[in-house]
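The values are calculated or read from the model by the stated rules, or taken from the named source; none is laboratory data. Predicted, not measured: the structure shown is a model, and the values here were computed from it. Glycine also receives a Cβ, built like all others from the backbone with ideal geometry; neighbour counts cover every protein chain displayed.
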Amino acid sequence: MTDGYEDLESWMDTKVGWSNPTTITVAGANLADELMGSVSFSALAFRLVAGRYPTEGETRVFDAVLVSLADHGMTPTAMAARLTYTGAPESLQGAVAAGLLGAGNVFLGVTEDTAEFLEGILERAEGPGEASLSAAAADAVASCHASGRRVPGLGHPVHKETDPRVPRLYEIAAEEGVMGQHLRLLKIVAETQAASGRRLPINGAGVAGAALADLGFPWKIIRGFALLARTAGLLGHLVEEMQRPIGLPLWKLVDGTISARHENGP
């Protein structure tokens, strides 16, 4: 069966990349002769998703976003990777995957959540003016409060006043002339939240999501770039785990604490 297709070749194809015995083609270019040594990894990643290469200014913002998301210390994602490596040192890919699987609405996944949230506000706004955007933002923030949900892109467990990544990314976007409506709207959302009685700073993942949306990426793919960036950080944690392991001592500390509590009674 071909489900309406004349033959298998009419649908079994990809424009991402292919190879034959003598060449490898990626994004429509010869990998060895045209890309290697000429195109940066970040530019190629941009091209593979956007279908075009970034401008010089877009490249700087895109690289800044990836760098901002590479690592944030001993987070649960890093701990998951290290502990997985403790139990399965033969499976580096398993340890990396374990670290990436925790990219949800608390860590990393906020990039996607923020972009989707901002896109929804833009769709509901009556126009591009600040007044209409402020009104739509107020409705969206009030809806989050009413349902007990976090406002995506705001608040951080460590950076209570200012996430240092935020002003720097705004600065870079302004310098490169790629400050778009998502970054501007995120500031309006933060101001709206503050006016409600509790100020919450814009977080690094949120500003990254807004910046990626301004670069033209749809919100459904934006979390992928957070995963791409954090993979580098996880590799750093795992090479450190190989050299100075903390996974086994951490497990023994937790297990010993629990055992001691039970020995002393409930």
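Odds and ends about this structure:
- Residue in the range 95-104 that is surrounded by 16 or more Cβ atoms within 10 Å (Cβ to Cβ), at pLDDT below 95 and within 16 Å of the chain's Cα centre (by Cα) present: yes
- The set of residues from the range 81-105 being without any contact (Cβ under 8 Å) to a residue 24 or more places away in the chain and hydrophobic (A, V, I, L, M, F, W, C) comprises 88, 97, 98, 101.
- The range 22-36 residues that are on the phi > 0 side of the Ramachandran plot, paired with ones that are at pLDDT 95 or above (beta carbon under 6 Å, 6 or more apart): 27/47; 27/48
- Test: residue 260 is surrounded by fewer than 16 Cβ atoms within 10 Å (Cβ to Cβ) and assigned to a helix (DSSP H, G or I): yes
- Residue in the range 54-61 that is in a loop (DSSP other than H, G, I, E, B), at pLDDT 95 or above and touching a Gly at 6+ places or on another chain (Cβ under 7 Å) present: no
- When residues of the range 161-203 are limited to those that are assigned to a loop (DSSP other than H, G, I, E, B), in contact with a Leu (Cβ under 9 Å, 6 or more places away or on another chain) and among the hydrophobic types (A, V, I, L, M, F, W, C), the one surrounded by the most Cβ atoms within 10 Å (Cβ to Cβ): 178
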